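**Q** Below is a structure I'd like to ask you about.
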Amino acid sequence: MSTGMIEHKTLADDPSQTYYLYVPDGGGIGAKLFVSVHGISRNAEEHAALFAPFAEQYGVVMVVPLFDSSRFPDYNCLGREGQGQRSDYALERIVADAGRLTGANTDAIYLFGYSAGGQFAHRFVMAWPERIKRCVIGAAGWYTFPDPVLAYPQGIGAFPDLPGVHPVPERFLQVPTCIVVGELDTERTASLNQEPEIDAQQGLNRIERGERWARAMRTAAEARGIANEYRFATLPGSTHNFAKCMKLGRMGERVFEYLFEADRRCRITCE
């Protein structure tokens, strides 16, 4: 494998499935694996370009999947039946391929997602918590709450459209998680879910929704005796824009600090 450069890879057994891969100069054997998931603009290449310097700094292998809109129209909700292919299964195939190519440790994924990718990230954690070491959710538009009364994707009460997924709160509530949202990310844009029941449950913008979800997850964890704080932080000077969050809000520093400096004091200011 080439090191120190971003490569656009294709799965050998699925030529239409691509992803971006970065291996640090020190090589990938035994390295930790960072996965970043794009939003609905499908800006996977931008994620790869802006996160690559941090992957190099921390010596981790980076994988950025591309969930094509024609194959994965519902990737943010993992791909419910009748709404395209399963994005969670696709990610596992990509991770396996990256592990084979680089020798990275694929037993534990360090996961980040922005906007619709943040939706994917927290739902993947709920579905497959044993696969995730730590997670950062960037400005998700709406969330799956740990409510057993509400059906998925609003709650975890029933998953008829995702065969094989059976979320267990005692497991997914243990994954260390941080939510980051631009401090100016308060507009109700067309891409924001504005269904009345979502507004009533989660709030009117991404800041309110992130705060409410973090609070709900903390409460659910505390009720089960699980010590998981669910951090929430705002990014200075940032609207709902991935590049601006990276450049103005220093999102890259914050994401990698939270994911890979767990044993050091985290400098994120959380509420």
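The values are calculated or read from the model by the stated rules, or taken from the named source; none is laboratory data. Quick caveat, the model's predicted, so the values are computed rather than measured. Cβ atoms come from the backbone with ideal geometry, glycine included; neighbour counts cover every protein chain shown.
**Q** Name the strands (runs of 3 or more DSSP E) wholly within segment 1-102 that hold at least 2 residues that are surrounded by fewer than 15 Cβ atoms within 10 Å (Cβ to Cβ)?
**A** In segment 1-102, 6-11, 14-22 are the strands (runs of 3 or more DSSP E) which contain 2 or more residues that are surrounded by fewer than 15 Cβ atoms within 10 Å (Cβ to Cβ).
**Q** When both residues are 6+ apart or on different chains and their Cβ atoms are under 8 Å apart, which pairs have a first residue that lies in segment 229-247 and is more than 12 Å from residue 214 (Cβ to Cβ), and a second that is at pLDDT below 95 and among the β-branched types (Val, Ile, Thr)?
**A** Here the result reads 240/189, each pair linking segment 229-247 to a residue that is at pLDDT below 95 and among the β-branched types (Val, Ile, Thr).
**Q** So, of the residues in segment 222-271 that are closer than 19 Å to residue 118 by Cβ and of a type in the set (S, T, N, Q), which turns out to be modelled with the lowest pLDDT?
**A** Filtering first and then ranking leaves 228.
**Q** Test each condition in (1) of a type in the set (Ser, Thr, Tyr); (2) under 15 Å from residue 112 (Cβ atoms); (3) free of Cβ contacts under 8 Å to residues at least 12 places away in the same chain for residue 219 and report the one that comes out false.
**A** (2)
**Q** Determine whether segment 206-216 contains at least one residue that is in contact with a helix residue (DSSP H, G or I) (Cβ under 6 Å, 6 or more places away or on another chain) and either surrounded by 17 or more Cβ atoms within 10 Å (Cβ to Cβ) or of a type in the set (A, V, I, L, M) (or both).
**A** yes
**Q** Just to be sure I understand the filter: pairs with C-beta atoms under 7 Å, separated by 6 or more residues or on different chains, first member in segment 1-19 and closer than 20 Å to residue 55 by Cα, second member surrounded by fewer than 13 Cβ atoms within 10 Å (Cβ to Cβ) and at pLDDT 95 or above. Which pairs pass?
**A** 3/25; 4/25; 18/10
**Q** Among the residues of segment 129-167, write down those that are assigned to a loop (DSSP other than H, G, I, E, B), of a type in the set (A, V, I, L, M, F, W, C) and in contact with a Gly (Cβ under 7 Å, 6 or more places away or on another chain).
**A** Matches in segment 129-167: 139, 140, 145, 149, 150, 151.
**Q** While we're here: Mind listing whichever residues of segment 235-246 are closer than 15 Å to residue 52 by Cβ and touching a Gly at 6+ places or on another chain (Cβ under 9 Å)?
**A** Those that are closer than 15 Å to residue 52 by Cβ and touching a Gly at 6+ places or on another chain (Cβ under 9 Å): 242, 246.
**Q** Within segment 110-125, is even one residue part of a helix (DSSP H, G or I) and over 18 Å from the mean Cα position of the chain (by Cα)?
**A** no
**Q** What are the residue pairs meeting all of these: first residue in segment 91-111, first residue in contact (Cβ under 8 Å) with a residue 24 or more places away in the chain and under 16 Å from residue 128 (Cβ atoms), second residue basic (Lys, Arg) and not in a helix (DSSP H, G or I), Cβ atoms under 7 Å, and 6 or more apart or on different chains?
**A** 108/133; 109/133; 110/32; 110/133; 110/134
**Q** If you scan segment 193-205, which residues turn out to be without any contact (Cβ under 8 Å) to a residue 12 or more places away in the chain and crowded, with 16+ Cβ neighbours inside 10 Å? First the steps, then the outcome.
**A** Filtering segment 193-205 for residues without any contact (Cβ under 8 Å) to a residue 12 or more places away in the chain gives 194-196, 199-200, 203.
Scanning segment 193-205 gives 199, 203.
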